[in-house]
1. For the chain, what is the mean residue ellipticity at 222 nm derived from helices alone (per DSSP H run of n ≥ 4: -39500 (n - 2.57); sum divided by total residues; nearest 500 deg cm²/dmol)?
2. Please list, or write none, the lysines whose alpha carbon is within less than 17 Å of the alpha carbon of K18, excluding same-chain residues fewer than 8 places away.
3. Find how much the distance from Y94 to Y147 grows on full extension, using 0.36 nm per residue of separation minus their present alpha carbon separation; answer in nm with one decimal.
4. Under the Karplus relation 6.51 cos²θ - 1.76 cosθ + 1.60, θ = phi - 60°, what is the ordered set of whole-Hz ³J(HN,Hα) values for region 139-148, x standing for Gly and Pro?
5. Relative to the present Cα-Cα distance, how much length would full extension add between K81 and T178 at 0.36 nm per residue of separation?
6. Sort 128-141, 158-171, 77-90, 100-113 by packing, meaning the average of other beta carbons within 10 Å per residue, with the highest value first.
7. Cut-off 10 angstrom, C-alpha nodes, Gaussian network model of the chain. Which of E115, E14, E181 fluctuates the most?
8. Using the Karplus equation 6.51 cos²θ - 1.76 cosθ + 1.60 (θ = phi - 60°), what ³J(HN,Hα) coupling, rounded to whole Hz, does each residue of region 155-165 give in order, writing x for Gly and Pro?
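The values are calculated or read from the model by the stated rules, or taken from the named source; none is laboratory data. A quick note: this is a predicted structure, and the numbers were derived from the prediction, not measured. Glycine gets a Cβ as well: all are built from the backbone with ideal geometry, and neighbour counts include every protein chain shown. Each accessible area value is taken on the protein alone, full model and side chains, heavy atoms only, with ligands, DNA and RNA left out. Shrake-Rupley method; radii C 1.70, N 1.55, O 1.52, S 1.80 Å.
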Amino acid sequence: MYVSYHGHSVVKIETGGKTLLIDPFITGNQLTDLKADDVKADVILLTHGHNDHVGDTIDIAKRNDALVIAIAELATYLSWKGVRVHPMSIGGSYTFDFGTVKLTQAFHGSSYTEEENQQIIYTGMPAGLLLTIDGKTIYHAGDTALYSDMKLLSKYNPDLAFLPIGDNFTMGPEDAVTAAEWINPKLVVPIHYNTFPVIKQDPSQFIASLSGIKGKVLKSGEGIEL
Ligand code: NI
Ligand code: MN
């Protein structure tokens, strides 16, 4: 399996001939190396409804006939836009042909903003993603604050954890170090930083502050074999 980072919270997983995209915010994402009109996806996984996570989901899903996996309210909203969805809720897991998805808690908001008519559509609870694929476990925290129940995630022995470090909207580097200690993954990769001025951070400094846990900064387009 090949797991790559594409700026902000965008993660791509290539496994068994399938391409999974997490939070494909491409249009308006200055940091991404992907192009919304040619990116391939069989499955799109969403952590929550904010526009910097839903991103280009509708266009990508329609063009690829991709399945969109999201929390129930967000899935319903997207189904009305004409995409194939699989709704889930926090604490639930489901085994798909590519692997198992479990939604975890996230302390954040979740809504989709329709700028054109100044509407905020609430889209249920925000979530994190716990994925078990090819015998490996990947945790994508989505947008979240630090919360003590993150300690529970250590029992899944994650091989890889994507943690937000941007601060302002999510935990910052200091809290992300605590999260990493509690979750205890084999490798931590920072996400959700430097996309906007208010979430400017130095990811190498975050990695340097980790003690006893390995971390790696992935540039947009870089990945690791897992
Ligand atoms: Ni958000
Ligand atoms: Mn966000």
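1. It comes out at -4500 deg cm²/dmol, rounded to the nearest 500.
2. Candidates past the 8-residue exclusion: K40, K62, K136.
3. Extra length available between Y94 and Y147 comes to 16.6 nm.
4. 10, 10, 6, x, 9, 7, 7, 5, 9, 5
5. Here the segment from K81 to T178 would lengthen by 31.0 nm.
6. Ranking the peptides 128-141, 158-171, 77-90, 100-113 by packing returns 158-171, 128-141, 100-113, 77-90.
7. Sorting by GNM fluctuation, first place goes to E115.
8. Those phi angles translate into 6, 8, 6, x, 7, 8, 10, 9, 10, x, 10 Hz.
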